[in-house]
Amino acid sequence: MAATSPATRLVTAAAREVLRPLGLKQRGRSRIWIDDHGWWLGVVEFQPSSWSQGSYLNVGAMWLWQDADRLEFHQGGREAGHEPYEDEAQFAPLATALARAAAVEVAGYRARFATLAATAQDLAARPARRGNLWDNYHAGIAAGLVGDVPTARDRLARAAQQLSGTDIPWMVEAHRTARQLRETAEDTGALRRWAAERTASGRQKLKLGPPPAGLPEELRGP
């Protein structure tokens with residue numbers, strides 16, 4: 001087993017002091033910490049570079065109905081530039097500052113996505129970022145889950161258009177799914193069952209264990 005670097009030890013110590021009391025959990029022995037809300041994750045990553053022990057800070061949210069087998073940032077991403085590691089005395093306060101910055105971002109995501117209704121409203125109000133293939137997709141799904149059929153159909157139609165015209169397997173599948181969900185957006189119950197099944201599958205793939213209390217009724221499955 002490879003020895004843990006001094007920078008990683010300091011980042012882990014800072015995260016345990018700052019993030020653990022907030023309820024976040026370390027992903028194994030990695031530099032990743034998870035804020036598990038059952039149907040979405042807050043993800044904090046103290047990302048090392050290929051050339052330094054130091055750290056970037058990435059913070060964001062992942063929608064578990066994506067049914068992915070790896071952690072992804074569907075909202076958010078890079079929050080801080082690279083903090084270099086020179087020695088423990090120099091890097092320790094930087095690690096603490098990164099952890100505190102992460103805590104602020106985590107609080108912001110918790111407020112934005114406190115409920116499924118708040119999430120749907122937030123995503124619907126935000127235009128899709130240029131070049132982003134998922135913003136419309138997830139905004140459409142969230143709208144459909146709370147019964148906002150016009151928004152669901154509009155955003156999923158845009159997602160399908162963005163994802164069309166390619167033979168890349170994952171894009172072909174996402175295009176097919178966006179079209180199918182748009183066509184059935186008026187059947188809120190069917191969309192909720194789809195999302196509940198995908199969320200449960202995503203949790204299993206990511207080995208997250210049973211969901212915490214408070215899973216929205218719309219995503220509890222049949």
Which condition does Asp167 not pass, out of (1) modelled with pLDDT of 95 or more; (2) loosely packed, with under 15 Cβ neighbours inside 10 Å, if it passes all the others?
(1)
Among Pro150, Pro210, which is the only one that is free of Cβ contacts under 8 Å to residues at least 24 places away in the same chain, within 21 Å of the chain's Cα centre (by Cα) and open to solvent by 40 Å² or more (accessible area, probe 1.4 Å)?
Pro210
Across the range 37-55, which residue is modelled with the highest pLDDT among those that are farther than 30 Å from Gly214 by Cβ and surrounded by 18 or more Cβ atoms within 10 Å (Cβ to Cβ)?
Ser55
Can you tell which of Ala101, Ala80, Ala68 is surrounded by fewer than 19 Cβ atoms within 10 Å (Cβ to Cβ), touching a residue at least 24 places away in the same chain (Cβ under 8 Å) and part of a strand (DSSP E or B)?
Ala80
What pairs come out if I take residues in the range 17-29 that are over 15 Å from Leu206 (Cβ atoms) and pair them with residues that are charged (D, E, K, R) and open to solvent by 60 Å² or more (accessible area, probe 1.4 Å) whose C-beta lies under 8 Å away, six or more apart or interchain?
Val18/Arg100
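The values are calculated or read from the model by the stated rules, or taken from the named source; none is laboratory data. Predicted model, so just to flag it, every value in this text is computed and none were measured. We place every Cβ from the backbone using ideal geometry, glycine too, and count neighbours over all the protein chains shown. All accessible areas refer to the heavy atoms of the entire protein, side chains included, with ligands and DNA or RNA removed. Shrake-Rupley method; radii C 1.70, N 1.55, O 1.52, S 1.80 Å.
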